[in-house]
Amino acid sequence: MPKLKKLSLEPWEEAVGIFKDARCDDSNTYLLLGDYRIVFPADCPEASILKNLRKRFLSEKIAVLRTDCTRRPFLFKRLKT
């Protein structure tokens, strides 16, 4: 299994890939998307949104856009494979 590439999304950056999981530890929340591990601080408001993704997008190809809007910090879009 290849090593996942670690990155963080800044506002108005997008990541695309197959959604694998969202995981948490004491300090970070991780969005596993394709070959990437996108990292967010565990105490950020976005972390609670990411924790609920497992049920909605598991094994689907999605695009995740991080915004600068506090009411909608992420936009998600299902993509056809």
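For segment 3-81, trypsin sites (Lys or Arg not before Pro) are listed when DSSP marks them as loop and at most 14 other Cβ atoms sit within 10 Å of their Cβ; the list is 3, 71, 80. Computed over Cα pairs, the Kirkwood radius of the chain leads via Stokes-Einstein (1.567 mPa s, 4 °C) to a diffusion coefficient of 102 µm² per second. Each stretch of four or more DSSP H residues adds -39500 (n - 2.57); spread over every residue of the chain, this sum gives -3000 deg cm²/dmol at 222 nm.
Bear in mind that the values in this text are calculations on the coordinates, not laboratory data. As the structure is a computational prediction, the values presented were derived from the model and not from experiment. As a convention, Cβ positions derive from the backbone with ideal geometry for all residues, glycine included, and neighbour counts pool all protein chains shown.
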